[in-house]
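Colleague: Dumping the structure here so I can ask a few things about it.
The values are calculated or read from the model by the stated rules, or taken from the named source; none is laboratory data. Computed from a predicted structure; not experimentally measured. Cβ coordinates were reconstructed from backbone atoms using ideal geometry, including for glycine residues, and neighbour counts include every protein chain displayed. For accessibility, only protein heavy atoms count, side chains too; no ligands or nucleic acids. Shrake-Rupley method; radii C 1.70, N 1.55, O 1.52, S 1.80 Å.
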Amino acid sequence: MVTVDDLSPGRWLPGPMAVEVTNVDWNPEKSRRAEVALVDTAGTPLRLVDYEGAENPTDWKERHRYRISRCRVQTGGGGYALELAPSKKTRIEPLGPAEQCTKLLVIGDTHVGRTEHPRTGEKIDPIGAFATAVDYGIEQGVDAVVHVGDIFHDTATPVQAAFVDVNVFDPLTDAEIPFYYVRGNHTATPGDEVLSERGETVFHLDTEGVAVGASTRVFGIDHHAEGRLPWSALAFPDSVSEPVNVLVVHQTLEQLSGRGPRSVDLGRVLRRSGSQFDLVISGHHHDASRGDWRGTTVMYVGAAERMSTNKNPTDRVAWILTVENESVSSERYEIP
């Protein structure tokens, strides 16, 4: 398929070109039916100027795709290097709505405030791991960052909390990427203050859920000691419009770890919610693992920094979750 890299001003399209509409400005000036902002299949922007003389009947719609052929290419205007100029010879075929894709960076158990490995005494750098993972998420163009609990350790100082503010939340604010979290079983007053002061970027997840993109709703339940969730207070919406539902918790899960006095039964959560979750992700356990339960993927996210006490740890990890075509895929990111 033709892309912007194949185009030259003053020539015709060398073949059919698939594009997605990102914005439409109708009747911007005399003789112009519309100015249409597009991206090609590689994500490169260009513009189409729909002149009235072309007698083009296309009903341009944002986030819809079109196939264009027999169209003239010219030097762009309005900040675009190139633009398309349809004529009566041009063919424009609607391809329908663009596929919706939502990407999340998922990270857990950063424990900012710890400085040594709990078993070996090795020096660790939770802030560095946290910031590196978030930088990777920004580079990947994620729609949101989701933290599954224990952002700060009990020993976190005001200086360490300030470092997180500058090295994690400042870049996310600049990139206009929201940060969602549940509370774990560790916290610190300086960290709580930073979280509360970042109201434009940082948001606490609850059972009402939050829409991320057009296809995903993310719910959250805070940690409760001994797995004693406040069952009578777990109030989920009667219905949601997003086709993919993700639940974030910070607990030992019966479906991954087996029954125990501290395990939470996801079946009971499911009965409270009245709907199926497509993915359940949990913090609390510093080693990443996953399983499948009644068609739902259940994951321990693992820790962002080395702090597992197991012999074969899988910590210092984050995840990129991609929601596309109403399904969720995960890609493991080994934090360098």
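Colleague: Please work out the Kirkwood hydrodynamic radius for the range 159-247, using every pair of different C-alpha atoms, and report it in angstroms with one decimal place.
Modeller: That comes to 14.7 Å for the range 159-247.
Colleague: Report the antiparallel proportion of the DSSP beta bridges in the chain as a percent, rounded to a multiple of 5. Don't skip to the end; give the middle numbers.
Modeller: Working: 53 of 82 bridges.
Percentage antiparallel, nearest 5: 65.
Colleague: Carbon and sulfur together cover what percent of the accessible area of the chain at a 1.4 Å probe radius?
Modeller: Numbers: 7140 of 15880 Å².
With neighbouring chains kept in place, the figure for the chain is 45 percent.
Colleague: Something else about it: Got the relative contact order for the chain handy, in percent, Cα pairs under 8 Å and 6 or more residues apart? Intermediate results must be reported in sequence, preceding the final value.
Modeller: Details: 830 pairs, mean separation 46.4, N = 336.
Result for the chain is 14 percent.
Colleague: Then there is this: What number do you get for the range 1-62 when its Cα radius of gyration is normalised by 2.2 N^0.38 Å, N = residues? Mind showing how you got there, number by number?
Modeller: Working: Rg = 12.1 Å, N = 62, 2.2 N^0.38 = 10.6 Å.
After normalising by residue count via 2.2 N^0.38 Å, the value is 1.14.
Colleague: What number, rounded to the nearest 500 deg cm²/dmol, is the helix-based mean residue ellipticity at 222 nm of the chain, given -39500 (n - 2.57) per DSSP H run of at least four residues and division by all its residues?
Modeller: Values: 6 runs with 48 residues, N = 336.
The helix contribution divided over the chain gives -4000 deg cm²/dmol.
Colleague: Something else about it: Using the heavy atoms of the protein chains alone and a 1.4 angstrom probe, what is the accessible area of the range 87-166 per residue in square angstrom? All intermediate terms of the calculation are to be shown ahead of the outcome.
Modeller: On the way: 3470 Å² over 80 residues.
Per-residue accessible area for the range 87-166 comes out at 43 Å².
Colleague: Any chance you could list P(r) for the range 108-159, counting all Cα-Cα pairs in 10 angstrom bins from zero, rounded to whole %?
Modeller: Pairs per bin, as whole percents: 24, 48, 24, 4.
Colleague: Tally Lys and Arg at +1 and Asp and Glu at -1 over the other residues with C-beta under 11 Å from the C-beta of Asn185: what net charge comes out? Show your work: numbers first, answer last.
Modeller: Values: positive: Arg183, Arg262; negative: Asp109, Asp150, Asp154, Asp222, Glu226.
Residues close to Asn185 contribute a combined charge of -3.
Colleague: Between beta-carbons, use under 11 Å as the cut-off and find the net charge around Trp12, counting Lys and Arg +1, Asp and Glu -1.
Modeller: Numbers: positive: Arg11, Arg70, Arg72, Lys89; negative: none.
Its environment carries a net charge of +4.
Colleague: Check the chain and count each lysine pair with an alpha-carbon distance under 30 angstrom, considering only pairs eight or more places apart or from different chains.
Modeller: Values: Lys30/Lys61; Lys30/Lys88; Lys30/Lys89; Lys61/Lys88; Lys61/Lys89; Lys61/Lys103; Lys123/Lys311.
Taking the Cα cut-off of 30 Å, the pair count is 7.
Colleague: Mind jotting down a quarter of the surface of the convex hull over the alpha carbons of the range 202-283, in square nanometres, one decimal?
Modeller: 5.4
Colleague: For the range 262-336, what is the relative contact order in percent, using Cα pairs closer than 8 Å and at least 6 residues apart in sequence? Please list the in-between numbers first.
Modeller: On the way: 122 pairs, mean separation 15.8, N = 75.
Reported as a whole number, the value is 21 percent.
Colleague: Can you give the local net charge around Ala225? Use residues other than it whose beta-carbon is closer than 15 angstrom to its beta-carbon, Lys and Arg +1, Asp and Glu -1.
Modeller: Working: positive: Arg183, Arg228, Arg262; negative: Asp150, Asp154, Asp222, Glu226.
The answer is -1.
Colleague: Okay, moving on. What's the Cα-based Rg to Rh of the range 52-191, Rh via Kirkwood?
Modeller: Numbers: Rg = 24.3 Å, Rh = 19.0 Å.
My calculation of the ratio gives 1.28.
Colleague: Please report Rg over Rh for the range 244-336, where both radii come from the alpha carbon positions and Rh follows the Kirkwood definition.
Modeller: On the way: Rg = 13.6 Å, Rh = 13.9 Å.
Computed over Cα atoms, the ratio is 0.97.
Colleague: Same structure, new question: Counting only the heavy atoms of the protein chains, how much of Thr41 is accessible to a 1.4 Å probe, in Å² to the nearest 10?
Modeller: Here the accessible area works out near 90 Å².
Colleague: Still on this model: Please state, rounded to one decimal and in Å, the Kirkwood hydrodynamic radius that the chain gives when every pair of distinct Cα atoms enters the mean of 1/r. If you can, show how the numbers build up before the last one.
Modeller: Details: mean 1/r = 0.0448 Å⁻¹.
Averaging 1/r across every pair of different Cα atoms and inverting gives 22.3 Å.
Colleague: Write down the accessible area per residue of the range 209-336 in Å², having rolled a 1.4 Å probe over the full set of protein chains.
Modeller: On the way: 5930 Å² over 128 residues.
Normalised by residue count, the accessible surface of the range 209-336 is 46 Å².
Colleague: Could you quote the convex hull projected area for the range 1-128, Cα atoms only and averaged over all directions, in nm²?
Modeller: On the way: hull surface 47.9 nm².
Over all viewing directions, the range 1-128 projects a mean Cα-hull area of 12.0 nm².
Colleague: Of all DSSP beta bridges in the range 189-279, what percent run antiparallel (nearest 5)?
Modeller: Working: 3 of 11 bridges.
About 25 percent, rounded to the nearest 5.
Colleague: Next up: Under DSSP H, which helices of the chain have Cα atoms covering 18 Å or more of the helix axis and a Kyte-Doolittle average no less than 0.0? Can you show the working numbers first?
Modeller: Working: long enough: 126-139 (20 Å, 0.71).
Span-like helices in the chain: 126-139.
Colleague: Another question, then. In whole percent, what relative contact order does the range 114-210 give with Cα contacts below 8 Å and a gap of six or more residues? Write out the running numbers ahead of the final one.
Modeller: Details: 118 pairs, mean separation 28.4, N = 97.
Contact order relative to length: 29 percent.
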